[in-house]
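Engineer: Sending over a structure as structure tokens; questions will come in a sec.
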Amino acid sequence: MKPKAQQQEKPNWKVHAYFLDACNCDWGCPCQFNANPTHGNCEGIAGYHIITGSYGTKVKLDGLNMALIASWPGPLHEGRGKASYYIDNRADERQFEALSNIITGRAGGGPFAVYASIIEEIQEPKKASVKFQTKDIRSHVSVSGTSEDKKRRIRGEQSNNVIAEAWLEPIRNPVTGKAHRAIIEIPEGFESSRMDQASMKTLVANDGYLNFRYEGTYGSFSENTWKGP
């Protein structure tokens, strides 16, 4: 009876969102097919722009953004992942709590519950300036600290307050330079059933917990509806 009661306590939620996904794998990303990551490990950034969304009956999430930085030492399905979570600083306290529960998987449902099952160590969600520029396979997501965070971060250490950035660009034919148009379709995919494929102009994380930088690696853009629990 206890597990059922706990399940009923979780509010229903639903989001219609743009999803930018980027990692250090080669174009196409073997992880999409439960294969081993290109370089043995996987680390990347996911950005989300909520077109419309709700959490329970009273919390609206329209127009808000959130981002995830994550790293796995091996194939994703083997777990042992680490993650940092960032929530749009325009969110009020109820929206922040709702988005925190969704992105960490605590709300249940969507791809976030799957991520939670393979992530062991986390930094609890923090408010940040999360910007999402929607331009299909040229979309861009960036995470930077609030003004207070910036003062702490740059004091004798850094000249800017960029926490994470992922900027898509088209995959180009290495011979002709012509842009490829490629799509992955996975009807039963837990993240998305259709993902427009891209390359990475910039992929960088620098939050003191997870740090990496790549160019020319895997990226994708998709539009999805997720819900839970």
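The values are calculated or read from the model by the stated rules, or taken from the named source; none is laboratory data. The structure presented is a predicted model; accordingly, all values stated were derived computationally and were not measured. Cβ sites come from the backbone with ideal geometry, for glycine too, and all protein chains shown count toward neighbours. Ligands, DNA and RNA are stripped out before the accessible areas are found, and what is left, the full protein with its side chains, is counted by its heavy atoms. Shrake-Rupley method; radii C 1.70, N 1.55, O 1.52, S 1.80 Å.
Engineer: What is the spread of the Cα atoms of region 1-113 along each of their three principal axes, largest first, in whole Å?
Structural biologist: Each principal axis gives a Cα extent; for region 1-113 these are 44, 38, 20 Å.
Engineer: A follow-up question, please. Residues of region 5-62: accessible area per residue at 1.4 Å, in Å²?
Structural biologist: Heavy-atom accessible area per residue stands at 49 Å².
Engineer: Under a Cβ-Cβ cut-off of 13 Å, what is the net charge of the residues other than residue 205 that fall near it, where Lys and Arg count +1 and Asp and Glu count -1?
Structural biologist: Around residue 205, the charge tally is -1.
Engineer: Using the crude model of +1 on Lys and Arg Cβ and -1 on Asp and Glu Cβ, and no other charge, please compute the dipole size for the chain relative to its Cα centre, in debye to 20.
Structural biologist: With Lys and Arg at +1 and Asp and Glu at -1, about 500 debye.
Engineer: Output the relative contact order of the chain, whole-number percent, from Cα pairs under 8 angstrom with separation of 6+ residues.
Structural biologist: Worked out over the chain, it gives 23 percent.
Engineer: Run the lone-cysteine check on the chain: no other Cys C-beta under 4.7 Å from the residue's C-beta.
Structural biologist: Within the chain, the cysteines lacking a partner Cβ under 4.7 Å are 23, 31, 42.
Engineer: Here is a follow-up. Take 39, 140 and sort them by solvent-accessible surface of the protein heavy atoms, 1.4 Å probe, largest at the top.
Structural biologist: Result of the area sort, largest leading: 39, 140.
Engineer: Provide, for q = 0.08, 0.11, 0.12, 0.14 Å⁻¹, the log10 of I(q)/I(0) from a solvent-free Debye sum over equal Cα point scatterers in the chain.
Structural biologist: Summing over Cα pairs of the chain leads to -0.28, -0.54, -0.64, -0.88.
Engineer: Please give the net charge around residue 169, taking every other residue with its beta carbon less than 14 angstrom from that of residue 169, where Lys and Arg add +1 and Asp and Glu add -1.
Structural biologist: +2
Engineer: How many angstrom lie between the Cα centre of region 29-61 and the Cα centre of region 109-127?
Structural biologist: Taking the Cα centre of each part, region 29-61 and region 109-127 sit 10 Å apart.
Engineer: Another question about this same structure. Please report the net charge: other residues with Cβ closer than 11 Å to the Cβ of residue 102, K and R +1, D and E -1.
Structural biologist: Net charge around residue 102: +3.
Engineer: Ignoring GluC sites (Glu not before Pro) that are buried or in helix or strand per DSSP, and keeping those with at most 14 other beta carbon atoms within 10 Å, what is the longest stretch of the chain between them?
Structural biologist: 1-156
Engineer: So how exposed is residue 92, as accessible area in Å² (1.4 Å probe, rounded to 10)?
Structural biologist: Counting only protein heavy atoms, residue 92 exposes about 70 Å² to solvent.
Engineer: Once neighbouring chains are kept in place and the probe is 1.4 Å, which whole percent of the accessible area of region 1-84 is contributed by carbon and sulfur?
Structural biologist: 51 percent
Engineer: Could I ask something else about it? With all protein chains present and a 1.4 Å probe, how do 144, 192 order by accessible area, largest first?
Structural biologist: 144, 192
Engineer: Using the Cα gyration tensor of region 167-210, with a ≥ b ≥ c the square roots of its eigenvalues, what is the shape: rounded (a/c below 1.5), prolate (a/b larger than b/c) or oblate (neither)?
Structural biologist: oblate
Engineer: Next question, about the same structure. Accessible area of residue 68, 1.4 Å probe, to the nearest 10 Å²?
Structural biologist: Counting only protein heavy atoms, the figure is 10 Å².
Engineer: Which loop-located chymotrypsin sites (Phe, Trp or Tyr not before Pro) does region 164-229 contain, where loop means any DSSP state but H, G, I, E or B and the Cβ has at most 13 other Cβ atoms within 10 Å?
Structural biologist: 190
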